[in-house]
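Data first, discussion second: the structure below is written as structure tokens.
The values are calculated or read from the model by the stated rules, or taken from the named source; none is laboratory data. Being a predicted model, the structure only gives us computed values, none of them experimental. All Cβ positions, glycine included, derive from the backbone under ideal geometry; neighbour counts span all protein chains shown.
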Amino acid sequence: MADLTSTPHATLHNEWFFITCVLLLAAVAFFRVHFGRGLLLISQAAFTQRHTNQFLRETNNLNVSPYLLPFFVLVFSLFIAHPSWEKTSWSFFLILKYTFWISLFLTSKYLLIRWIGHLFQQVYFFEEIIFLTFLFEKVSGLTLFPFLVLSVYAPFDSKICLQLGVSLFIFFLLLKWVRMLYLGFFKRSFSKTHLFIYLCILEILPLVVIVKYFLL
């Protein structure tokens, strides 16, 4: 009788992960069918300011945005809880823990930016900051999902898929910083000191943690 637990990779192929992937794929199909134009526009907004402005103008009609952040949280939680990092098995508790901390971090960041907007009496301006802050997480959630599936069902090393996905996520973060620096330094009057502190604490520090934990 074959030993089904002889390799760590064998533990990846279980029913709950397959069902989760099917549900996530169904969510992507739902976004595509019901918010097709909004999904395309928000993806383009990650790369050009023109599409960002267009999405902000039409945001009430293109309400795909609220659905993409929970999608990112779940996909990224599965990414960082992936057994291949430590050659273990899936842990439901670990996934819940990462989901909780990522959600708490994103919620805290949102509330902090809103508070700063009220403090400086620039609520409308900070709406654009909020949009840019979470735009790249929303788009990267969609791009990370194929790497997550490949990391389990592809015939090659799953850790390579995970590292490629994390590298892509880091690229999106770097792109976000460039867009925010452009917004802060060239478009509007904004405190460069506050922008620097924000980037260091809420953007760069998490990236350092990701790089240290996953790539080193």
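Observations on the structure shown:
- Near pairs, Cβ below 7 angstrom, 6+ apart or cross-chain, from region 157-180 (at positive phi and part of a helix (DSSP H, G or I)) to any residue that is surrounded by fewer than 16 Cβ atoms within 10 Å (Cβ to Cβ) and not hydroxyl-bearing (S, T, Y): none
- Set side by side, the residues F214, F190, F186 differ, and just one is assigned to a helix (DSSP H, G or I), modelled with pLDDT under 70 and farther than 24 Å from W101 by Cα, which is F186.
- For region 70-108, the set of residues classified as among the small types (G, A, S) and touching a residue at least 12 places away in the same chain (Cβ under 8 Å) consists of S77, A81, S84, S89, S103, listed by residue number.
- Matching option when the condition is at pLDDT 80 or above, β-branched (V, I, T) and loosely packed, with under 13 Cβ neighbours inside 10 Å, among V149, V178, V166: V178
- Within region 42-57, the residues that satisfy the criterion of being surrounded by fewer than 19 Cβ atoms within 10 Å (Cβ to Cβ) and in a helix (DSSP H, G or I) are S43, Q44, Q49, R50, H51, N53, Q54, L56, R57.
- Lone qualifier among L144, L132 - being modelled with pLDDT of 85 or more, hydrophobic (A, V, I, L, M, F, W, C) and under 14 Å from A46 (Cβ atoms): L144
- Test: residue in region 70-80 that is small (G, A, S) and in a helix (DSSP H, G or I): yes
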